[in-house]
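Participant: Can you read through this structure? Questions will come right after.
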Amino acid sequence: MPAPEETTAAAREFLADHPEAEDALAALIERDAQGAPWTFADIALDSGQFGELVARDLATSVDDGYRLENPDAIRAVIEAGAAPADGADAPAEEAAADEGGFAATSSADASAMLSRLPTLADVDTLTLLGLVGTLLAVAGARLVAAPAVFQQGFVVSPANDTYFFRYWQERLAARADGLLDLGLFADMGGAAGTRPLAHATNWWVTVLLGGVDAAPAVAAWLPVVASVCLGYLVYRTARLLTGDVRVALAAVLFYGLAPVNVVYTSVGFLDHQAHQYLWLGLLVATLTALGVDVARRIGHTGAQTAARAHARDATMWIITLGLAVAVAASAHAYGGSPLTFVPVAAVVGLRVALDVRHDISPAAANAPLLGGLTLGAGGALAAHLALGWHESIAAVTPVLVAGGALVVVGLGELWRRVSLPPLALVAAEVVVAVGGLVAYARLRPGDIERIRTRADDLFFREGISETASLFSPDFAVIFGPLLQLGLGFYFAVAVLAVATWAVARRYEPGWLVLVCFAWYYTLLATVQVRFAGQLAIMIAPFAGIGLVYLLSAIDIARPVAVVGRPADSDSQSPRARNEDTASEEGSITSLGLPDGTRVRGYLVATILVVLLFNLLLVPSLVGQTTHDRAQFDAALTVDSHAEGVDREYPQNFVLSQWGDNRMYNYFVNGESRSYGYARSNHEQFLASSDPDDWYDRFQGRVGYVVITDREGAPANTTYAALHEGLGLGANGTAPTGHYQLLASDDGVRTFAVVPGATIVIADPSGEAVTATTTVTVDGGDGDATYEYARSATVADGTATIRVAHPGEYQVGNRSVTVTDDDVFAGNQTTVPSA
């Protein structure tokens, strides 16, 4: 039997090598104290740790199992904390000496879940129900649009660009020869241009679920499923950083109910955002996990030992594979993917500077991070070269970031060895970054020009609501975030400022990730509100901290450890003390409810008040993107009419406002790839003084026109003639000869563009002749009858009148019948002589 001193030394070495096993070893001591032998199946150590336990003479074999040697000595080591095994520097005492700010438990005690992969057995029932409930809230918010999306047996996706993705989804799924048609990934045609991964995922999932027939269902539900998965990543990230299940659940709610994020990922919204957000969430979660693990280990052992243990940990390399997947996927998820890697570069540069400042080996502490970036960059480049995916700048950007990271880590290692100031290292990193960009610009000037073009498209397009600033003066600057992100934004900003201060003072590489990404997307959202969707993901954990801090301030929840030092339990009110369970100091890993019905009511009421703006704003903001019943009825009306008169593309092309154009053409002719023609011509068409003049300009390119209500339109324009006058001359407007009204419902006017029949009067009795008939209009409130009268002047003894509607026309005291075939064929009918 070893001496107690030998056991003490062996226990210290064991915990230095396996700091994640501390809790399991403590539990084993309690198990051993029961006096009965135990087996490997009875303990929480893995096989390697158990083997070392026996090899170091900390446990010995007895009949029917094992027993600990000198358990009191092992207990003393755990209570005292493991000392560095190799004489390395002891952990910095900054966190313990700090007063206020983010407590050190945010990266140490609170992150013990990294020691092994989580299972359902690790979560108590109430916490599991809370997680399920918040994820259901994420899904429920995205179903607000369901009544407008599921219409008459169709999936009517919101917005305009969604039909571009549905166009490629169906065409690629139709071409696919099963799930394993790998050749199709390399032959996606125009879909490989700027968002190849989004298109590839869409068609592959469609084929997986049954082929083209499943395309509408996939278009409807894929964004919702992706959002729920992202919600779980937000939960894991927040819990990893704070160790507080309340904060994690609140973060999911703030993300899930952020109006701008809901809009971009609502049911039916098959666009690149759902894909982009999900991979961005995985990117942040993996970077955070790698950073937290290093800080957690330093909380238990020496800096160098911790860094080496981090680099050798198999779990970290599993997370590295997740990082690699996130990097490669993010590069090909959407057109502006190079923007995703700017904060990644900032995280690497600042993290290396933190390593040097705290005398930690950058090479060891960042080995898994470098591995993930390198593997991911290789995957992104391989997809570009082998499959022809995306532009070269999208594939090269992660390569530049990975290469720059390798240089920066090497520079940091040198900096630490020669003991140069960390702030000077940041300046050196900026020089490296600028030098790399200059070299890239000289080597590939074409890519730089393409970057400028993409930047112009991304940041300087006008006429689109999402190009406005999040802090637009139209909403008094400060109310823009409220409308787009809800009240959580203001909670988050305050906590983000504290987190930034804490990261600048202490070694918090996990928090560094979220801080960098949050400030970055705040800057981008300041330029264009379209980036508020990503910002909602980044600020969710900060908003969650703010909410729990508010609840603790009004004494209905236990204080949150990451915003200050938790108060002693004796000083807490009884109701706060029972509100949840803390497994370690500063770590709340089990959800609970406060004592008393009244306090519970206060808790629920406070949360509802905080989320009130989100609950009110989500339906209104989502409603701005959906297509109402009248618009979809117009699409069905055109489709039915085109089929009845045997019109095919482009004769059945629908001209409409560009923001709805893809929807109409998707349901009429399936050609929803572009709205360029509508954007170039629709406004000019409505502003023109004579709609019939445009018939020749269409040159057979337009078969139908849909016009929706607008305010402030001037008189004597095509809009007035068609929308106000129905093309029939109603409301004091001039009747038209090339636009046959098909339906008028709730501010939506639907017309067929027709050659028009011509009525020839050979023996007119005056200088002008008028042909008149009645037209019955199918309206939303019932049929209405209008008089349709077209006139022409006499020239060379005859008059020719062009009409767009069939019917029996009165010409003076004579009549003539015009058929639908006459109207659509442009036939000529002569009025018989009197």
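The values are calculated or read from the model by the stated rules, or taken from the named source; none is laboratory data. Please read these numbers as outputs of a predicted model, since none were measured by experiment. Using ideal geometry, Cβ is built from the backbone for each residue, glycine included, and neighbour counts are taken over all protein chains shown.
Participant: Taking the conditions exactly as written (of a type in the set (G, A, S) and more than 23 Å from W389 (Cβ to Cβ)), does A198 satisfy them or not? Working first, answer last.
Facilitator: On the way: of a type in the set (G, A, S): yes; more than 23 Å from W389 (Cβ to Cβ): no.
No; evaluated as a whole, the condition is false for this residue.
Participant: Another question, if that's okay. Taking only the stretch 687-705 into account, find how many residues are part of a helix (DSSP H, G or I) and surrounded by 13 or more Cβ atoms within 10 Å (Cβ to Cβ). Lay out the reasoning, then the answer.
Facilitator: Kept after step one, since they are part of a helix (DSSP H, G or I), are these residues of the stretch 687-705: 687, 693-698.
Applying the additional criterion that residues be surrounded by 13 or more Cβ atoms within 10 Å (Cβ to Cβ) yields 694-695, 698.
Number of matching residues: 3.
Participant: Follow-up. In the stretch 789-805, how many are touching a Pro at 6+ places or on another chain (Cβ under 7 Å) and under 12 Å from G766 (Cβ atoms)?
Facilitator: 2
Participant: Now, a different point. Report yes if W279 is crowded, with 24+ Cβ neighbours inside 10 Å, in a helix (DSSP H, G or I) and touching a residue at least 12 places away in the same chain (Cβ under 8 Å), otherwise no. Even if it seems obvious, please write down each step before you answer.
Facilitator: Numbers: crowded, with 24+ Cβ neighbours inside 10 Å: yes; in a helix (DSSP H, G or I): yes; touching a residue at least 12 places away in the same chain (Cβ under 8 Å): yes.
In short, yes.
Participant: Are any of the residues in the stretch 184-204 surrounded by 18 or more Cβ atoms within 10 Å (Cβ to Cβ) and acidic (D, E)?
Facilitator: no
Participant: Here's something else I'd like to know. Could you tell me which of the residues L616, L636, L603 is modelled with pLDDT under 95 and either closer than 26 Å to D746 by Cβ or not hydrophobic (A, V, I, L, M, F, W, C) (or both)? Don't jump to the end; show me each part of the working.
Facilitator: Values: L636 fails: modelled with pLDDT under 95; L603 fails: either closer than 26 Å to D746 by Cβ or not hydrophobic (A, V, I, L, M, F, W, C) (or both).
From the options L616, L636, L603, the qualifying one is L616.
Participant: Then there's this: State yes or no: is E648 assigned to a helix (DSSP H, G or I), acidic (D, E) and in the same structural domain as I801 (by TED's automatic domain parsing)?
Facilitator: Numbers: assigned to a helix (DSSP H, G or I): no; acidic (D, E): yes; in the same structural domain as I801 (by TED's automatic domain parsing): yes.
Here the answer is no, as E648 does not meet what is asked.
Participant: Does any residue of the stretch 706-728 turn out to be in contact with a strand residue (DSSP E or B) (Cβ under 6 Å, 6 or more places away or on another chain), assigned to a helix (DSSP H, G or I), within 17 Å of A804 (Cβ to Cβ) and not small (G, A, S)? Reasoning before the result, please.
Facilitator: Kept after step one, since they are in contact with a strand residue (DSSP E or B) (Cβ under 6 Å, 6 or more places away or on another chain), are these residues of the stretch 706-728: 706-708, 722-723, 726-728.
Right, trim to assigned to a helix (DSSP H, G or I) and you get 722-723.
This time we only want the ones that are within 17 Å of A804 (Cβ to Cβ), so: 722-723.
Retained after the next criterion (residues that are not small (G, A, S)): 722-723.
Checked the stretch 706-728: at least one residue is in contact with a strand residue (DSSP E or B) (Cβ under 6 Å, 6 or more places away or on another chain), assigned to a helix (DSSP H, G or I), within 17 Å of A804 (Cβ to Cβ) and not small (G, A, S).
Participant: Considering the stretch 205-257 alone, what residues qualify as being within 13 Å of the chain's Cα centre (by Cα), of a type in the set (V, I, T) and surrounded by fewer than 24 Cβ atoms within 10 Å (Cβ to Cβ)? Reasoning before the result, please.
Facilitator: Taking the stretch 205-257 first, the residues within 13 Å of the chain's Cα centre (by Cα) are 222-231, 233-234, 255-257.
Adding the requirement that they be of a type in the set (V, I, T) leaves 224-225, 228, 234.
V224, V225, V228 - these are the residues of the stretch 205-257 that are within 13 Å of the chain's Cα centre (by Cα), of a type in the set (V, I, T) and surrounded by fewer than 24 Cβ atoms within 10 Å (Cβ to Cβ).
Residues checked against (1) surrounded by fewer than 21 Cβ atoms within 10 Å (Cβ to Cβ); (2) modelled with pLDDT of 95 or more; (3) of a type in the set (V, I, T); (4) in the same structural domain as H272 (by TED's automatic domain parsing):
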{"residue": "L323", "(1), (2), (3), (4)": "no, yes, no, yes"}
{"residue": "A329", "(1), (2), (3), (4)": "no, yes, no, yes"}
{"residue": "H332", "(1), (2), (3), (4)": "no, yes, no, yes"}
{"residue": "S337", "(1), (2), (3), (4)": "no, no, no, yes"}
{"residue": "F341", "(1), (2), (3), (4)": "no, yes, no, yes"}
{"residue": "V344", "(1), (2), (3), (4)": "no, yes, yes, yes"}
{"residue": "R351", "(1), (2), (3), (4)": "no, yes, no, yes"}
{"residue": "R357", "(1), (2), (3), (4)": "yes, no, no, yes"}
{"residue": "I360", "(1), (2), (3), (4)": "no, no, yes, yes"}
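Participant: Just a yes or no: is a residue in the stretch 500-510 within 21 Å of A258 (Cβ to Cβ) and crowded, with 21+ Cβ neighbours inside 10 Å?
Facilitator: No; the residues of the stretch 500-510 include none that is within 21 Å of A258 (Cβ to Cβ) and crowded, with 21+ Cβ neighbours inside 10 Å.
Participant: Here's a follow-up. Being in a helix (DSSP H, G or I), more than 22 Å from I319 (Cα to Cα) and under 23 Å from the mean Cα position of the chain (by Cα) narrows it down to one residue among A383, A394; which is it? Show your work before the answer.
Facilitator: Details: A383 fails: more than 22 Å from I319 (Cα to Cα).
The match here is A394.
Participant: Under 6 Å by Cβ, and 6 or more places apart or on different chains, what pairs join a residue from the stretch 492-507 that is within 15 Å of V548 (Cα to Cα) and touching a residue at least 12 places away in the same chain (Cβ under 8 Å) with one that is part of a helix (DSSP H, G or I) and of a type in the set (A, V, I, L, M)?
Facilitator: From residues that are within 15 Å of V548 (Cα to Cα) and touching a residue at least 12 places away in the same chain (Cβ under 8 Å), the pairs are A492/I539; A492/A543; V495/I545; L496/A518.
Participant: Looking for whichever is surrounded by 24 or more Cβ atoms within 10 Å (Cβ to Cβ) and among the aromatic types (F, W, Y) here; the options are W415, W389. Which one fits? Spell out the reasoning first.
Facilitator: Details: W415 fails: surrounded by 24 or more Cβ atoms within 10 Å (Cβ to Cβ).
When all the criteria are applied, what remains is W389.
Participant: Spot the failing condition for T127; the list is (1) surrounded by 16 or more Cβ atoms within 10 Å (Cβ to Cβ); (2) modelled with pLDDT under 70, and only one is missed.
Facilitator: (2)
Participant: Do the conditions hold for D745, that is, is it in the same structural domain as V654 (by TED's automatic domain parsing), under 49 Å from the mean Cα position of the chain (by Cα), free of Cβ contacts under 8 Å to residues at least 12 places away in the same chain and surrounded by fewer than 23 Cβ atoms within 10 Å (Cβ to Cβ)?
Facilitator: Values: in the same structural domain as V654 (by TED's automatic domain parsing): yes; under 49 Å from the mean Cα position of the chain (by Cα): yes; free of Cβ contacts under 8 Å to residues at least 12 places away in the same chain: no; surrounded by fewer than 23 Cβ atoms within 10 Å (Cβ to Cβ): yes.
The answer is no for D745.
Participant: Could you identify the single residue in A792, A784 that is in the same structural domain as V638 (by TED's automatic domain parsing) and either touching a Phe, Trp or Tyr at 6+ places or on another chain (Cβ under 6 Å) or crowded, with 16+ Cβ neighbours inside 10 Å (or both)? Can you show your working first?
Facilitator: Numbers: A784 fails: either touching a Phe, Trp or Tyr at 6+ places or on another chain (Cβ under 6 Å) or crowded, with 16+ Cβ neighbours inside 10 Å (or both).
Going through A792, A784 in turn, the sole match is A792.
Participant: Being among the polar types (S, T, N, Q) and within 16 Å of G243 (Cβ to Cβ) is the filter here; which residues of the stretch 520-560 pass it?
Facilitator: Restricting attention to the stretch 520-560, the residues satisfying the condition of being among the polar types (S, T, N, Q) are 522, 526, 528, 534, 552.
Selection gives S552 alone.
Here is a yes/no grid of residues against (1) of a type in the set (K, R); (2) over 23 Å from F471 (Cβ atoms); (3) at pLDDT 95 or above:
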position	(1), (2), (3)
A502	no, yes, no
R506	yes, yes, no
W519	no, no, yes
T526	no, no, no
F542	no, no, yes
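Participant: Something else about it: Take T288 and tell me if it is among the polar types (S, T, N, Q), surrounded by 24 or more Cβ atoms within 10 Å (Cβ to Cβ) and modelled with pLDDT of 95 or more. Show your work before the answer.
Facilitator: Working: among the polar types (S, T, N, Q): yes; surrounded by 24 or more Cβ atoms within 10 Å (Cβ to Cβ): yes; modelled with pLDDT of 95 or more: yes.
Here the answer is yes, as T288 does meet what is asked.
Participant: Can we say G322 is within 25 Å of L425 (Cα to Cα), in contact with a Ser or Thr (Cβ under 6 Å, 6 or more places away or on another chain) and in contact (Cβ under 8 Å) with a residue 12 or more places away in the chain?
Facilitator: Details: within 25 Å of L425 (Cα to Cα): no; in contact with a Ser or Thr (Cβ under 6 Å, 6 or more places away or on another chain): yes; in contact (Cβ under 8 Å) with a residue 12 or more places away in the chain: yes.
For G322, the condition - within 25 Å of L425 (Cα to Cα), in contact with a Ser or Thr (Cβ under 6 Å, 6 or more places away or on another chain) and in contact (Cβ under 8 Å) with a residue 12 or more places away in the chain - is not met.
Participant: Taking the condition of being surrounded by 15 or more Cβ atoms within 10 Å (Cβ to Cβ), assigned to a helix (DSSP H, G or I) and not aromatic (F, W, Y), how many residues in the stretch 147-174 meet it? Before you say what the answer is, go through the steps one by one.
Facilitator: Quick first cut of the stretch 147-174, residues surrounded by 15 or more Cβ atoms within 10 Å (Cβ to Cβ) only: 148-151, 155-173.
In the following step, the residues that additionally are assigned to a helix (DSSP H, G or I) were identified as 148-149, 162-173.
Applying the additional criterion that residues be not aromatic (F, W, Y) yields 148-149, 162, 166, 169-173.
Qualifying residue count, the stretch 147-174: 9.
Participant: Has the stretch 360-374 got any residue that is touching a residue at least 60 places away in the same chain (Cβ under 8 Å), under 25 Å from W279 (Cα atoms) and out of contact with any Lys or Arg (no Cβ under 9 Å at 6 or more places or on another chain)?
Facilitator: For the stretch 360-374, residues touching a residue at least 60 places away in the same chain (Cβ under 8 Å), under 25 Å from W279 (Cα atoms) and out of contact with any Lys or Arg (no Cβ under 9 Å at 6 or more places or on another chain): present.
Participant: Which residues, taken from the stretch 751-797, are touching a His at 6+ places or on another chain (Cβ under 8 Å), in a loop (DSSP other than H, G, I, E, B) and among the aliphatic types (A, V, I, L, M)?
Facilitator: To start, the set of residues in the stretch 751-797 that are touching a His at 6+ places or on another chain (Cβ under 8 Å) comprises 752-756, 773, 775, 788.
If we keep only those that are in a loop (DSSP other than H, G, I, E, B) too, we end up with 754-756.
Hit for the stretch 751-797 is V754, nothing else.
Participant: Next up: Residues to consider are T265, T242, T288; find the one that is in contact with a Lys or Arg (Cβ under 7 Å, 6 or more places away or on another chain), touching a residue at least 24 places away in the same chain (Cβ under 8 Å) and assigned by TED's automatic domain parsing to the domain that holds P509. Outline the logic, then answer.
Facilitator: Details: T242 fails: in contact with a Lys or Arg (Cβ under 7 Å, 6 or more places away or on another chain); T288 fails: in contact with a Lys or Arg (Cβ under 7 Å, 6 or more places away or on another chain).
Going through T265, T242, T288 in turn, just one is in contact with a Lys or Arg (Cβ under 7 Å, 6 or more places away or on another chain), touching a residue at least 24 places away in the same chain (Cβ under 8 Å) and assigned by TED's automatic domain parsing to the domain that holds P509: T265.
Participant: Report the residue count in the stretch 3-60 for those that are more than 23 Å from I298 (Cα to Cα), of a type in the set (A, V, I, L, M) and buried (at least 18 other Cβ atoms within 10 Å of the Cβ).
Facilitator: Count: 4.
Participant: Output the number of the condition that A713 fails; it satisfies all remaining conditions of (1) in contact with a helix residue (DSSP H, G or I) (Cβ under 6 Å, 6 or more places away or on another chain); (2) modelled with pLDDT under 95; (3) closer than 15 Å to Y788 by Cβ; (4) of a type outside the set (F, W, Y).
Facilitator: Result: A713 fails condition (3) only.
Participant: Pick from V426, V432, V409, V399: which is touching a Gly at 6+ places or on another chain (Cβ under 9 Å) and modelled with pLDDT of 90 or more?
Facilitator: V399
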